[in-house]
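Let me begin by presenting the structure, written as structure tokens, before commenting on it.
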Amino acid sequence: MIKRFGLMLAVLGLSAVLGGCGAFTSAGPTFEDLNKAKDQYRGEIVFWSWDVEHEKNIIADFNKEYPNIKVKIIPVQDYQNKLLIALATGSGAPDVVQLEENSAAVPVQSGKFVDLSAQPYHFDKSTLPEFLIKRYSDKKGGLVGIPNSINPAGMYYRRDLAKKYLGTDDPDEVGKLIGAGGGTWDKFLEVGRKLKADSKGEISLIPGLVDLYNMMSKQPKGAWHDGNKLLIKQNILPEFKLLEQVRKEGLDAKLQQWSPSWNQSYSQGKVLFYPGATWFKDFMISMNDKDGNGRWGVTGNPVANWAWGGSAECIPTQSRHKDLAFQFIKWWTTSENGGKSFFKHVGALPFNLNELENPVYNQPEPVLGGQILGKFWKEHIPGIQVPVQDPNDGIATDAINQALSKIHNGSATAEQAADEAVAAILAKLPDYHE
Amino acid sequence: MAATDLVKEAAAVGTDRRRPRRLRLAPYGFISPFYVVFIVFGLLPIVFTFILSFVDWDGIKEIRWVGISNYIHLFQDKTFLIALKNTALLILFTLPSQILLALIIAYILHMGLVRHKDFYQTLIFLPYITTPIAIGMLFSALFDWKYGLVNSVLTHLHLVADGIPWLQSPGYSKPLLAFILDWKYLGYTMVLLMAGMKTIPKDIYESAAIDGASMLDSFWRITLPLLKNIMTFVVITSIIGGFQIFEEPLLLYSSGASGDQGYGGPNQSALTIVMYLYQSAYKFYRWGYAAAIGYVLAFIILGCSLISMRLMSRRG
């Protein structure tokens with residue numbers, strides 16, 4: 001019995017020692033640790049990524065300046081759930097993790113990430129646009145991730161169709177015709193009606209209802225809630241009504257976003273506008289319309305500017321190499337070379353607006369008929385207020401999508417769909433109210 | 001030596017306290033891998049999930065004990081009831097048709113009524129080993145309303161004027177899914193039934209033939225009754241599998257994060273119980289609620305399996 005008791009004590013003691021070691025090694029670095037010469041940083045960090053293909057090139061560029069930091073990039077499928085398990089159990093998380101817009105809400109509010117705006121990291125929040133600060137701030141106001149890019153969005157369009165049916169393919173002129181920045185959808189719908197009439201119904205204004213809803217949901221009036229108050233009737237119902245009108249008038253091509261026919265439509269020339277963000281050029285247009293050089297343009301947005309997508313780099317508190325992890329993040333997100341590298345390999349723009357004047361980001365773009373993008377995007381960033389992501393977004397988005405699908409297949413009116421969305425949300429989130 | 005002496009000696013070996021401790025423990029060491037794996041990956045998750053079904057937890061925040069309210073909420077939850085109805089209807093659509101078709105094909109192949117038996121056997125079995133993601137992509141492309149092959153054929157033959165919205169209309173989702181499930185699992189059921197048919201001695205058929213029994217008589221009076229055990233197995237495993245339908249509807253109707261179908265197809269007409277479980281756990285982060293769905297599903301499967309076993313033994 002005494003022997004067993006002794007053994008238990010030994011195990012407990014060992015656990016305490018090992019636990020203590022863990023606490024020591026995962027403690028934060030000092031100011032000095034973060035301000036050494038680049039070649040003095042030495043060691044290996046683990047980086048979970050969902051885009052290994054492109055990001056291994058960025059790591060190669062990083063190693064030109066930090067030759068002694070080895071970044072072990074691990075492709076993580078379903079990383080959101082794996083990350084939550086690692087955060088909840090307190091072990092297994094990497095040194096750097098990339099949180100994507102859609103899946104950021106729960107981890108950001110977990111309290112398991114380092115506040116990068118606090119000492120000793122002291123990242124200057126004021127360099128970020130307001131909506132990105134909100135997206136990556138926890139409840140205490142700490143910034144837990146530094147965005148690797150900014151992703152303003154616009155209306156991509158087929159120049160050949162614009163010239164034929166609108167009489168111009170100039171981005172500014174097309175923007176004026178659709179009422180870019182004008183505060184309403186009226187002019188945009190007008191263009192749709194003209195297009196339908198002139199093409200005898202062959203050419204559509206937009207691919208499908210979700211393309212438009214997605215855009216509206218990322219504009220300032222896209223929020224489904226404010227705290228515990230639901231804004232479905234105030235914000236979403238007017239959008240549903242507009243979508244119902246688009247469907248009734250037959251202005252969309254009834255294509256389901258991301259479906260094979262939606263992808264094919266880029267090269268088929270039956271749809272004029274595709275609302276999309278910076279990454280659409282490389283990941284949608286160039287991929288789906290391989291011979292489309294010069295065939296495309298991008299212009300401003302009806303109603304308001306918006307942004308779509310993007311990720312931030314974060315350091316879990318359990319990381320044992322926070323100093324090295326921070327060097328990697330700092331280089332990638334704030335240095336001139338890091339920004340250029342990300343632009344070169346992924347086509348993403350840095351969040352630092354002053355950088356967008358840099359000639360690197362202002363070369364004529366062949367796919368878009370020689371358009372200069374850096375300055376264009378800079379002009380379309382002001383006013384972006386993407387609603388802040390919330391841990392309950394999954395429930396609300398599902399309810400709204402279900403409602404939307406009923407407008408799509410004509411089994412509910414906009415009012416009925418909004419009522420159903422409210423009922424579905426309240427059934428799962430009883431603390432909310434209208 | 002008498003037999004009783006041998007027994008006594010064997011018993012003495014088994015209980016020999018004078019043997020070294022490590023030798024007495026060794027057998028436990030040899031059988032332990034199974035138990036360790038079972039406890040860690042089987043028993044613990046079962047127990048943990050059961051406890052989880054009584055809590056409110058998103059995987060990160062503090063766990064809150066809520067008693068049986070997850071279970072109460074579940075039976076008031078319209079979405080769960082829709083998923084339950086959809087799953088039951090899919091089983092009703094697929095189970096009889098699949099077994100009947102598999103039985104006919106298995107009998108034809110087993111009796112050698114067609115040439116190139118192995119070829120047909122492989123051909124019919126192939127969908128079973130096709131990955132669900134490929135099946136999802138294949139059928140999404142085939143039944144796409146604008147550019148899908150099915151609608152192209154129908155419009156070219158002037159059978160329809162405009163493409164049929166196969167994947168957009170709630171009315172088509174269950175027949176379409178039933179077709180895909182039958183197509184996929186037909187080969188597997190057929191192989192099981194063929195294995196059952198192989199255990200029936202040939203001389204029974206020969207005797208029947210001498211007595212003047214036709215092929216159909218042999219099927220009804222010999223094959224079918226002697227397949228009872230394997231048929232019970234097929235029915236029960238099909239019911240269990242049916243309640244676990246997940247990948248096919250998920251992939252057929254998944255169109256990205258903000259697809260205009262919503263999760264579970266048009267008007268949730270293709271939402272199954274396991275899909276809802278998955279959504280509750282991994283999209284809504286309601287781990288406790290998802291665990292409760294898991295336990296209710298397990299009891300539904302248990303109940304249906306017991307009922308079908310009882311029914312099938314009565315018929316025997």
Quiz item: Given the residues B:Ile230, B:Ile210, B:Ile204, which is the only one that is among the hydrophobic types (A, V, I, L, M, F, W, C), open to solvent by 60 Å² or more (accessible area, probe 1.4 Å) and farther than 18 Å from B:Gly112 by Cα?
Solution: B:Ile210
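Filtering the range B:150-173 down to residues that are touching a helix residue (DSSP H, G or I) at 6+ places or on another chain (Cβ under 8 Å), surrounded by 16 or more Cβ atoms within 10 Å (Cβ to Cβ) and within 12 Å of chain A (Cβ to nearest Cβ), which residue is farthest from A:Ser405 (Cα to Cα)?
Among residues in the range B:150-173 that are touching a helix residue (DSSP H, G or I) at 6+ places or on another chain (Cβ under 8 Å), surrounded by 16 or more Cβ atoms within 10 Å (Cβ to Cβ) and within 12 Å of chain A (Cβ to nearest Cβ), the one farthest from A:Ser405 (Cα to Cα) is B:Gly163.
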Exercise. Only residues that are farther than 26 Å from B:Leu277 by Cβ, within 10 Å of another protein chain (Cβ to nearest Cβ) and β-branched (Val, Ile, Thr): list them for the range A:383-434, please.
Key: A:Ile407
Self-check item: Residue under evaluation B:Phe41, criteria (1) open to solvent by 90 Å² or more (accessible area, probe 1.4 Å); (2) without any contact (Cβ under 8 Å) to a residue 60 or more places away in the chain; (3) under 27 Å from B:Leu181 (Cβ atoms); (4) within 21 Å of the chain's Cα centre (by Cα), criterion not met
Solution: (3)
Quiz item: If you take just the helices (runs of 4 or more DSSP H) that sit entirely in the range A:32-119, which of them hold at least 1 residues that are open to solvent by 40 Å² or more (accessible area, probe 1.4 Å), in contact (Cβ under 8 Å) with a residue 60 or more places away in the chain and in contact with a strand residue (DSSP E or B) (Cβ under 6 Å, 6 or more places away or on another chain)?
Solution: none
Quiz prompt | Failed condition for B:Ile180, given (1) away from chain A (no Cβ under 14 Å); (2) surrounded by fewer than 18 Cβ atoms within 10 Å (Cβ to Cβ); (3) β-branched (Val, Ile, Thr) | solution = (2)
Quiz item: Identify, please: which residue in the range A:124-136 is without any contact (Cβ under 8 Å) to a residue 40 or more places away in the chain and closer than 19 Å to A:Gly28 by Cβ and is, among those, least open to solvent (accessible area, probe 1.4 Å)?
Solution: A:Lys125
Practice problem: Tell me, please, whether a residue that is farther than 21 Å from B:Glu248 by Cβ, acidic (Asp, Glu) and open to solvent by 80 Å² or more (accessible area, probe 1.4 Å) can be found in the range B:69-90. | Solution: no
Practice problem: State all residues of the range A:272-303 that are of a type in the set (Val, Ile, Thr) and closer than 22 Å to A:Gly192 by Cβ; if no residue qualifies, say none. | Solution: A:Ile285, A:Val298, A:Thr299, A:Val303
Quiz item: Which of the residues spanning the range A:120-146 are assigned to a strand (DSSP E or B) and either modelled with pLDDT under 95 or of a type in the set (S, T, N, Q) (or both)?
Solution: A:Ser137
Practice problem: Would you mind stating whether A:Tyr213 is open to solvent by 10 Å² or more (accessible area, probe 1.4 Å) and either at pLDDT 95 or above or within 14 Å of chain B (Cβ to nearest Cβ) (or both)? | Solution: yes
Quiz prompt | Meets criteria (more than 24 Å from the chain's Cα centre (by Cα) and either crowded, with 20+ Cβ neighbours inside 10 Å or within 29 Å of B:Tyr282 (Cα to Cα) (or both)) for A:Gln416 | solution = yes
Practice problem: Within the range B:126-137, identify whether any single residue is open to solvent by less than 60 Å² (accessible area, probe 1.4 Å), within 12 Å of another protein chain (Cβ to nearest Cβ) and either in contact (Cβ under 8 Å) with a residue 12 or more places away in the chain or under 24 Å from the mean Cα position of the chain (by Cα) (or both), and answer yes or no. | Solution: yes
Quiz item: Among (1) under 20 Å from B:Ala88 (Cα atoms); (2) out of contact with any Lys or Arg (no Cβ under 8 Å at 6 or more places or on another chain); (3) within 14 Å of another protein chain (Cβ to nearest Cβ); (4) crowded, with 22+ Cβ neighbours inside 10 Å, where does B:Ile273 come up short?
Solution: (3)
Quiz item: Any idea which residue in the range B:276-312 is most open to solvent (accessible area, probe 1.4 Å), counting only those that are within 11 Å of another protein chain (Cβ to nearest Cβ) and either at positive phi or under 17 Å from the mean Cα position of the chain (by Cα) (or both)?
Solution: B:Tyr278
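The values are calculated or read from the model by the stated rules, or taken from the named source; none is laboratory data. Everything quoted here is computed from the prediction, not taken from an experiment. All Cβ positions, even for glycine, are placed from backbone atoms using ideal geometry, and neighbour counts span all protein chains on display. Please note that ligands, DNA and RNA were not included when accessible areas were found on the heavy atoms of the full protein model with its side chains. Shrake-Rupley method; radii C 1.70, N 1.55, O 1.52, S 1.80 Å.
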